[in-house]
Amino acid sequence: MDPNKTPSAPPPGWNPEDKSNMAYPPPPPYQDYPQYPNTGGCSPGQPAAAGYPPAPQFGGAPGGPYPPAGQQYPPGPYPQGPQPMVTVQPTLYVTQGPLAHPLPDYLGYSIFTMLCCCLPLGIAALVYSISTRDANNRGHQQMAEHNSRLARNLNHAGLGIGITILILWIVFAFFIH
């Protein structure tokens, strides 16, 4: 490779004004296939082309694909006689109902903690309170117990932090100044 040339340089003799070789080639000319006769289509009431059955008449007129009444279908590639019975089982959906004795979700306590005491712990407690409510409605006892306990503990911690901050603020506001 020549060190004086860059890999993105155009080839020698390239003219940016001449772009005729970049266009798409013209499409091939139309070819007529004589082995496929063009009869112009077929519609009801017109005679059919050679080798084709007559077009069906609208309204169920004779000459359709069904045999006349009382006659049987011609034998086909399928076996005649009794066929084996196939039974299909219905789909069964198993769901659990809500718990008979739902666990407390501490939703009100979580909202109070979030708005009045400690916002981060209150938001976390609110999320677990809603998860407890969902687990109660779905019938998941263990998940409801876990989420309820966690929401309660977060609410207690948030309330404790909020009360501690309030007491410290009162002490510093009145006794230090």
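I'd like to compare 107-116, 85-94, 125-134: which one has the highest average count of other Cβ atoms within 10 Å, and what's the full order after that?
So the order, starting with the most tightly packed, is 125-134, 107-116, 85-94.
For a quick protection proxy, order the peptides 117-123, 147-153 by their average other-Cβ count within 10 Å, most packed first.
147-153, 117-123
Three principal axis extents, largest first, for the C-alpha atoms of the range 97-137, in Å?
Cα spread of the range 97-137 along its principal axes, largest to smallest: 35, 12, 8 Å.
Each reported figure results from applying straightforward, stated rules to the coordinates on display, with no laboratory input. This structure is a prediction, so every number in the text was calculated from the model and none was measured. Cβ: placed from backbone, ideal geometry, glycine included. Neighbour counts: every protein chain shown.
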